[in-house]
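What follows is a short report on a single structure.
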Amino acid sequence: MLKVVISGYGRMGHMIESVLQEKGIVCAGASEDIVSFDDDLAKECVCIDFTCPDAFRANYPALASKFKAVVVGTTGWNDIRDEVIRCFEEKGTPMIYSSNYSVGVNVLTAAVEVVSKYLSKAGGYHPYIVEKHHVHKLDAPSGTAKSLAGVVSESFSEKFDVSSVRVGELAGIHTVGFEGENDRITIEHEAFSRRVFAEGAVVAAQMTEGLSGVHEFKELFFKDR
């Protein structure tokens, strides 16, 4: 039986709890201090982490040591990515991570990869990215915008703008544009509710059953598709 512990009991934590209840999955606890969570119970549970960059940086060694598996939705730690992956691999703890658990964003990323390749070969196009989020989001640019920028950079060697807007309660809008002399191509994803990220994170938790190693969510999502 899948049991989940939520690390970070803010808005996302409450949404994840709601999705777990709807799916009949046991929520074994939710904590703002995951390091002190009961070790014996943790060994039976998958931890879904939606905290903040500073908290994840401090807590990831404990997550790797304590839990059966970990799903990471926190962003803003890409600079220590290799260190984090090495820690989980050494502990033998499965981990799934993503800058965005929305199915739509993962499809967007795949589309951006294809469009970038064609337009870079065609020449005469200049890429840009704009991301918009609610005023409570701490990191800018968003983790998703950075991931999209990485995808575009695989085809375009030029430097390009990645712009951030923080306003109101926007769940998240990511726009990737390619400006030409005579036309413009834009690809955009808009999340209407942060619930889409909670649902994706719960799907990731279900994927950890029988999983080994460290994986990005999109890698598992597109497998065999």
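In what order, largest first, do 193, 116 sit by accessible area if the probe radius is 1.4 Å? Before the final figure, lay out each step's value.
Details: 193 50, 116 0 Å².
These residues rank, largest area first, as 193, 116.
May I ask for the longest run of the chain untouched by chymotrypsin sites (Phe, Trp or Tyr not before Pro) that are loop-located per DSSP and have at most 13 neighbouring C-beta atoms (other than their own) within 10 Å? Each step should come with its number before you reach the end.
Values: sites that count: 192, 222.
After excluding every exposed loop site, the longest remaining stretch is 1-191.
Given Cβ point charges of +1 (Lys, Arg) and -1 (Asp, Glu) and nothing else, what value in debye, to the nearest 20, does the dipole of the chain about its Cα centre take?
Rounded to the nearest 20 debye, it is 220 debye.
Before rounding to the nearest 500, sum -39500 (n - 2.57) across all DSSP H runs of length at least 4 in the chain and divide by the residue total; then give [θ] at 222 nm in deg cm²/dmol. Kindly include the intermediate steps, with their values, before the conclusion.
Numbers: 8 runs with 91 residues, N = 225.
Calculated from helices alone, the mean residue ellipticity at 222 nm is -12500 deg cm²/dmol.
Can you pull the one-decimal nm distance between simple spin-label points at residue 103 and residue 193, each 7 Å off the Cα toward Cβ?
1.5 nm
Set the Förster radius R0 to 22 Å, insert the Cβ-Cβ distance between residue 86 and residue 39 as r into 1/(1 + (r/R0)^6), and round the FRET efficiency to 0.05. Working shown, then result.
Details: r = 22 Å, r/R0 = 1.02.
Computed FRET efficiency for residue 86 and residue 39: 0.45.
Between beta-carbons, use under 12 Å as the cut-off and find the net charge around residue 64, counting Lys and Arg +1, Asp and Glu -1. Can you show the working numbers first?
Details: positive: 66, 68, 86, 91; negative: 49, 83, 89, 90.
Cβ neighbours under 12 Å give a net charge of 0.
Return the percentage of antiparallel bridges among DSSP beta bridges fully within the stretch 109-218, rounded to the nearest 5 %.
Numbers: 14 of 19 bridges.
So the antiparallel bridges in the stretch 109-218 amount to around 75 percent.
In the structure displayed, which of 137/218; 3/132; 23/132; 146/218; 23/223 lie more than 25 Å apart, Cα to Cα?
Numbers: 137/218 22 Å; 3/132 34 Å; 23/132 30 Å; 146/218 15 Å; 23/223 23 Å.
Beyond 25 Å between Cα atoms: 3/132; 23/132.
What is the log10 of I(q)/I(0) for the chain, computed with the Debye formula using one identical point scatterer on each Cα and no solvent, at q = 0.08, 0.09, 0.12, 0.18 Å⁻¹?
-0.30, -0.38, -0.65, -1.31
GluC sites (Glu not before Pro) within the stretch 159-217: which are DSSP loop residues with at most 14 other Cβ atoms inside 10 Å?
169, 181, 209
Give the lysines whose C-alpha is closer than 20 Å to that of residue 121, dropping any in the same chain fewer than 8 places away, or say none.
Residue 121 reaches 159.
The stretch 182-198 to the stretch 123-181: how many Å between their Cα centroids?
Result: 11 Å between the Cα centres.
So for the pair residue 181, residue 159, with labels modelled 7 Å out along Cα→Cβ, what separation do we get in nm?
2.5 nm
Could you do me a favour and compute the accessible area per residue for the chain, 1.4 Å probe, result in Å²? If you can, show how the numbers build up before the last one.
On the way: 11050 Å² over 225 residues.
The answer is 49 Å² per residue.
Indicate the gyration tensor shape class of the stretch 16-78 (rounded, prolate or oblate), computed on the Cα atoms with a ≥ b ≥ c the square roots of the eigenvalues: a/c under 1.5 is rounded; otherwise a/b larger than b/c is prolate and the rest oblate. Kindly include the intermediate steps, with their values, before the conclusion.
Details: a/c = 2.05, a/b = 1.29, b/c = 1.59.
Since a/c reaches 1.5 but b/c is at least a/b, the shape of the stretch 16-78 is classed as oblate.
Pick from 18, 157, 99: which is most flexible by mean-square fluctuation in a GNM of the chain where alpha carbon atoms under 10 Å apart are linked?
The residue with the greatest mean-square fluctuation here is 157.
Taking the Cα centroid of the stretch 74-93 and of the stretch 1-43, what is the distance between the two, rounded to the nearest whole Å?
21 Å
Can you give the % of DSSP beta bridges in the chain that are antiparallel, to the nearest 5? Walk me through the numbers on the way to the answer.
Working: 14 of 38 bridges.
So the antiparallel bridges amount to about 35 percent of the total.
The values are calculated or read from the model by the stated rules, or taken from the named source; none is laboratory data. Keep in mind it's a predicted model, so treat the numbers as computed, not measured. Because the Cβ atoms are built from the backbone with ideal geometry, glycine has one as well, and the counts that use them run over all protein chains shown. Ligands, DNA and RNA are stripped out before the accessible areas are found, and what is left, the full protein with its side chains, is counted by its heavy atoms. Shrake-Rupley method; radii C 1.70, N 1.55, O 1.52, S 1.80 Å.
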